[in-house]
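Notes to accompany the following structure.
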Amino acid sequence: MQYQRHITLPNDVQTVTELGLFVDEVCESVGFDMSTTLKINLAIEEAVVNVMNYAYPTGTKGSVDIDAQVNNGGLDIVISDSGTPFDPTQKGEVDTTLSAEERSVGGLGIHLIRQIMDTINYKRVNNKNVLTLHKKLTKNL
Amino acid sequence: MYFEGRLDTAASAQTEVEMKPLYDCTGHDIILDCTQLEYISSSGLRLFLGLLKMAKPKGSHVYIRGINEDLRQVFAMTGFINLFEFK
């Protein structure tokens, strides 16, 4: 039986703590070490918070589905929602060499996701945003 | 100011309120003690950057003390490792 887990969260960033527990459990089951688990946690939090903040109009209740499964020698996390079309991969690259005065406060989320995850894939399917993040499982030393 | 545990998006709203007194920092340096901090996401990083943007023009230094290796990597990924001074 292939490993699969699922959680649905409302578009409320306070539930990010619950998301963290879900991701910790998934990563531990799949065999990632603690350091990698922390980074995966970070990438998924960033992606899910983006959905919570931007997919639904302000004041609208919405939800985001997070599915985890082992696939192609790694972990697939699929984040989907029924909000307005929103492709986070379209955001431009962040310049991390700028000084504090020049740095903008935005764009960090997608930058971290790109740094941490091995692949990021967005598609719009059946009126849903579907974002798939993949992290390869490498043998821990 | 001491940080501990997870500074995720859920925690950052409250943390922002608690950090407000630090903004009145003219003539003082600020130390953000992260020895007990296990996790920080972009919301938390944004708070740190916001503080730095306020502090620099006032001539105040912002020092980060005690970040662990995992957090050091997060700071490196975002370039924040070059923005702050570390103790």
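What follows draws every value from the coordinates through simple rules; no lab data is involved. Quick caveat, the model's predicted, so the values are computed rather than measured. Every residue, glycine as well, gets a Cβ built from its backbone with ideal geometry; the counts of neighbours run over all protein chains shown.
Exposure proxy shown here: for B:ASP70, A:ASP12, the number of other Cβ atoms within 10 Å sets the order, fewest to most, as A:ASP12, B:ASP70. Find the centroid of the Cα atoms in the stretch B:65-87 and in the stretch A:25-63, then give the distance between the two in whole Å. A separation of 22 Å, based on Cα centres. Take B:38-47, B:71-80, A:101-110 and order them by the average number of nearby Cβ atoms within 10 Å per residue, most first; the result is B:38-47, B:71-80, A:101-110. Across the stretch A:4-136, the convex hull enclosing all Cα atoms gives 120 Å³ per residue.
Global dimensions of the stretch B:2-86 from alpha-carbon coordinates: Rg and Dmax equal 11.9, 32 Å. Relative to its Kirkwood radius, the Cα radius of gyration of the stretch A:1-63 gives an Rg/Rh of 1.03. Rg then Dmax, both in Å and based on the Cα atoms of the protein assembly as shown: 18.0, 63.
Legend: mean number of C-beta atoms from other chains within 10 angstrom of residue C-beta atoms, peptide B:37-44, equals 5. Kirkwood analysis of the stretch B:1-43, using all unique Cα-Cα pairs, places the hydrodynamic radius at 11.1 Å. With a Förster radius of 25 Å applied to the C-beta separation of B:LYS87 and A:SER104, the computed FRET efficiency comes to 0.40.
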